[in-house]
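Chemist: Encoded as structure tokens, here's the structure I'll be asking about.
The values are calculated or read from the model by the stated rules, or taken from the named source; none is laboratory data. Computed from a predicted structure; not experimentally measured. In this analysis, Cβ positions are derived from the backbone assuming ideal geometry, glycine residues included, and neighbour counts consider all displayed protein chains. All accessible areas refer to the heavy atoms of the entire protein, side chains included, with ligands and DNA or RNA removed. Shrake-Rupley method; radii C 1.70, N 1.55, O 1.52, S 1.80 Å.
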Amino acid sequence: MNDQPATPFTHDKEQIAALEPFERLPLSRIELIATEAQAERAITELAGAAVLGFDTESKPTFAKGEVSDGPHIVQLATREKAWIFQLHDPVCRAALAGLLASHASKKVGFGLGDDVKRIRSKLGVEAFGVVDLNHLFRARGYRKDIGVKTAVAVLFERRFLKSGKASTSNWAARQLSESQLMYAANDAWAAVRVFEAMGNWP
């Protein structure tokens with residue numbers, strides 16, 4: 001007799017492709033942070049947030065033996081808004097480091113092990129309060145890693161829109177495109193939505 005609990009249902013690629021699209025955070029609610037003044041304003045806005053969607057992006061490496069010096073951007077999001085921090089300016093970078101190390105919020109996202117390592121290496125801080133949503137899904141009986149697409153399908157019966165072209169774009173560019181901003185912001189924003197929805201599971 002097999003007493004192993006059944007693995008919860010997950011959608012396959014074809015099933016996800018047939019779902020209606022998940023809503024997206026519009027550009028009007030995405031703020032690019034590149035200077036000290038912008039960072040200070042963002043930190044003030046983020047002060048009271050109990051939960052922040054969290055993710056990073058790094059310029060992809062293609063040459064053999066090439067080591068990434070990412071992350072090049074860090075995304076934080078609430079239910080209402082997302083902030084995309086660029087790391088070119090040392091003062092802006094230091095402000096973000098202080099925020100990640102000390103902000104009391106839960107910082108939620110998917111597969112954050114590598115992101116946390118890169119933050120530690122580049123910013124010299126340990127991100128506080130990080131919650132990898134994969135671990136929460138595993139606690140619910142899911143045996144494989146659950147990415148944002150599968151999580152949105154499971155919890156909302158919707159298809160998360162994610163551009164493969166944007167994912168491999170140059171995140172170190174000083175001028176980010178609208179598609180890059182939408183991609184980065186919505187990854188972090190969707191994590192907040194998923195975390196909220198998981199809290200309402202029976």
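Chemist: Determine whether the stretch 98-121 contains at least one residue that is at pLDDT 95 or above, surrounded by 17 or more Cβ atoms within 10 Å (Cβ to Cβ) and out of contact with any strand residue (DSSP E or B) (no Cβ under 9 Å at 6 or more places or on another chain).
Modeler: No, the stretch 98-121 has no match at all.
Chemist: A further question follows. Go through the stretch 124-139 and give me each residue that's open to solvent by less than 50 Å² (accessible area, probe 1.4 Å) and either modelled with pLDDT under 95 or assigned to a loop (DSSP other than H, G, I, E, B) (or both).
Modeler: Answer for the stretch 124-139, where residues must be open to solvent by less than 50 Å² (accessible area, probe 1.4 Å) and either modelled with pLDDT under 95 or assigned to a loop (DSSP other than H, G, I, E, B) (or both): V125, A127, G129, N134, F137.
Chemist: Follow-up. Quick one: in the stretch 79-97, which of the residues that are more than 25 Å from L27 (Cβ to Cβ) and out of contact with any Leu (no Cβ under 7 Å at 6 or more places or on another chain) is surrounded by the fewest Cβ atoms within 10 Å (Cβ to Cβ)?
Modeler: Filtering first and then ranking leaves P90.
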